[in-house]
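Asker: Have a look at this one.
We did not get these values from a lab; they are worked out from the coordinates using the rules stated. Here the structure is a predicted model, which means the values were calculated and not measured. With ideal geometry, Cβ positions are generated from the backbone for all residues, glycine too; neighbour counts draw on all protein chains shown.
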Amino acid sequence: MGLASLFGDNVLAGKLADLVAWGRKYSLWPTPFATACCGIEYMSVMANRNDLGRFGAERQSFSPRQADMLIVIGTICLKAKPVLLKIWEQMPEPRWCISMGACASSGGMFDVYSVVQGVDDFIPVDVFVPGCPPRPEMLLHALVLLQEKIQGREGIGHESRMWVRREVQAEINREWAARQAEQTERLRAAGKTVVPVPGLEGPEGV
């Protein structure tokens with residue numbers, strides 16, 4: 001005889017992990033990082049026609065330390081890459097990321113050296129939203145997919161995402177170190193004096 005048969009409809013039995021995940025998926029605190037025209041579509045998501053608050057994500061946080069969902073909106077240039085990475089690293093665990101639009105997901109039409117060809121190059125993205133620009137309904141659908149992922153119905157677990165994040169960060173640090181070494185050699189070849197900065201081992205130290 002289980003609890004459900006003993007107490008009837010007065011008791012809801014389940015796992016504590018499922019209850020915590022249920023609370024997380026309906027209390028997301030998003031922080032938008034908008035740089036281009038997709039930001040206009042994001043504004044309409046917050047308006048009364050679509051109303052992101054119906055999904056429990058109406059509390060916008062412009063402080064990364066008080067947010068758990070990063071929404072990358074628009075084109076990300078190389079100069080903005082360390083800034084966005086710094087914002088991501090300041091967000092507490094557990095945290096999730098949505099890439100909104102073609103430019104944020106793959107660079108879009110800007111196939112040039114100065115534009116990052118997809119934010120998943122340095123941030124683990126949970127849901128990609130295609131389109132140029134995507135409609136507000138597409139972002140709402142992405143939020144629903146993220147909620148299902150948080151609930152544990154699909155996708156990889158949180159521990160696996162932490163491992164992927166560490167691997168991504170290690171690759172970024174190696175790329176950063178190689179670039180700094182190349183620039184140092186170029187400056188020394190030109191006869192300039194190079195003073196190393198202690199403790200600056202990666203872009204997160206900027």
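Asker: Pick from the stretch 25-59 the residues that are acidic (D, E) and part of a loop (DSSP other than H, G, I, E, B): which of them is nearest to C132 (Cα to Cα)?
Answerer: Checked the stretch 25-59; the qualifying residue nearest to C132 (Cα to Cα) is D51.
Asker: I would also like to ask the following. From the list W29, W96, W22, exactly one residue is on the phi < 0 side of the Ramachandran plot and surrounded by 20 or more Cβ atoms within 10 Å (Cβ to Cβ). Which is it?
Answerer: W96
Asker: Same structure again: Of a type in the set (V, I, T) and over 14 Å from S105 (Cα atoms): does that describe I40? Show your work before the answer.
Answerer: On the way: of a type in the set (V, I, T): yes; over 14 Å from S105 (Cα atoms): yes.
Judged against the criteria, I40 is a match.
Asker: Can you find a residue that is part of a helix (DSSP H, G or I), closer than 29 Å to V20 by Cα and either in contact (Cβ under 8 Å) with a residue 40 or more places away in the chain or not β-branched (V, I, T) (or both) anywhere in the stretch 93-115?
Answerer: No - not one qualifying residue is present in the stretch 93-115.
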